[in-house]
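Notes for the one structure printed next.
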Amino acid sequence: AGAPAHRFAQRGVARTFQVPRLFRRMTVMENLIVPALSDPGERRAAAEERARDVLQFLKLGHLADQYARALSGGQQKLLELGRALMLKPRLLLLDEPFAGVHPRLLEQIIDHIKALNRDGHTIVVVDHNLEAIQSVVTRVMVMARGRKIADGGVAEVLRNPDVVRAYTGTRAHR
């Protein structure tokens, strides 16, 4: 809070946005290379190699030469995740990664988040899609009107009467 974005990146933190912030007139490959080159010690050849690895991981290799503006919404979310990965983060903050994504790409995003977590990344996900959230987290915190109303295991929190009321406007059945 208050620190410039590059300071967070230097500390191993990267984030995505609810609405992807891509360079729309650049290719997918160029979009991946740019964040890596923000590190003064990064060589372009190394950034390109890492970008190819990220493209392979995200299954976007066939789109490397496409312009970002030509991608679907889900593909843009994947590309933005790739841009975050180019910063070599230990902590990923994902803002609405599931919002407005086609179900087929939703499963792909879920699989990538799980794989990143297995590989040692700490991931914080903010999203309204409870079904998708349940498939990627072991702990959940629910906020309503700016305050925390529940925190704990997924099943426990989803049974919490305050959570049920916040999402449905009705009381939980016991």
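Values quoted throughout were computed directly from the atomic coordinates according to the rules given, and no laboratory measurement underlies them. Here the structure is a predicted model, which is why all the values come from computation and not from measurement. Cβ atoms come from the backbone with ideal geometry, glycine included; neighbour counts cover every protein chain shown.
The table below lists the values:
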| read-out | value |
| --- | --- |
| Global size of the stretch 5-137 as Cα Rg and Dmax, reported in angstrom | 13.8, 41 |
| DSSP beta bridges in the chain [antiparallel fraction, %, rounded to 5] | 45 percent |
| Reach of residue 77 by Cα under 14 Å, taken over aspartates and glutamates that are not fewer than 8 positions away in the same chain | 95, 96, 107, 111, 127 |
| Shape category assigned to the stretch 72-174 from the gyration tensor of Cα positions, a/c cut at 1.5 | prolate |
| The chain, dipole about Cα centre (Lys/Arg Cβ +1, Asp/Glu Cβ -1), debye to the nearest 20 | 440 debye |
